[in-house]
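Right, one structure below, let's go through it.
The values are calculated or read from the model by the stated rules, or taken from the named source; none is laboratory data. Only a predicted model underlies this, so the values are computations on that prediction, with no experimental measurement involved. Quick reminder, even Gly has a Cβ in these numbers, built from the backbone with ideal geometry, and neighbours come from all protein chains shown.
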């Protein structure tokens, strides 16, 4: 699944598709596995990504995938269901454009 969030004028697209060992990921989803093996999403939570400190900016402290199993991804900072972790696949910023005397805005990849 792909998801987006905007933080300080930058639009981040994240995905949990095709994750592999070594990827930098963020635990953005919360939910549980059902008895039939499906994952029930409770909510998406970007707050954990937005924490910053004096040395780093958003996104702060990604987790590095160390092991992938069928029902669990392990990282250097813990483990959870595979559906919880997302990696950044695209970053965009909005720029101003003037077309025929009208000011417009569009998103461009950075």
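Here are the numbers:
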{"item": "Count - residues of the range 18-29 that are surrounded by fewer than 16 Cβ atoms within 10 Å (Cβ to Cβ) and touching a residue at least 12 places away in the same chain (Cβ under 8 Å)", "result": "4"}
{"item": "Filter result for residue 68 (surrounded by 13 or more Cβ atoms within 10 Å (Cβ to Cβ), touching a helix residue (DSSP H, G or I) at 6+ places or on another chain (Cβ under 8 Å) and modelled with pLDDT of 90 or more)", "result": "yes"}
{"item": "Matching residues, the range 71-84, being assigned to a loop (DSSP other than H, G, I, E, B) and surrounded by fewer than 16 Cβ atoms within 10 Å (Cβ to Cβ)", "result": "71, 72, 76, 77"}
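Residue-wise test of (1) surrounded by 11 or more Cβ atoms within 10 Å (Cβ to Cβ); (2) modelled with pLDDT of 90 or more.
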{"site": "16", "(1), (2)": "yes, yes"}
{"site": "43", "(1), (2)": "no, no"}
{"site": "62", "(1), (2)": "yes, no"}
{"site": "86", "(1), (2)": "yes, yes"}
{"site": "95", "(1), (2)": "yes, yes"}
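Rundown of residues vs (1) under 13 Å from the mean Cα position of the chain (by Cα); (2) closer than 26 Å to residue 95 by Cβ; (3) modelled with pLDDT of 90 or more, yes/no style:
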| position | (1), (2), (3) |
| --- | --- |
| 34 | no, no, yes |
| 49 | yes, yes, no |
| 55 | no, no, no |
| 59 | yes, yes, no |
| 80 | no, no, yes |
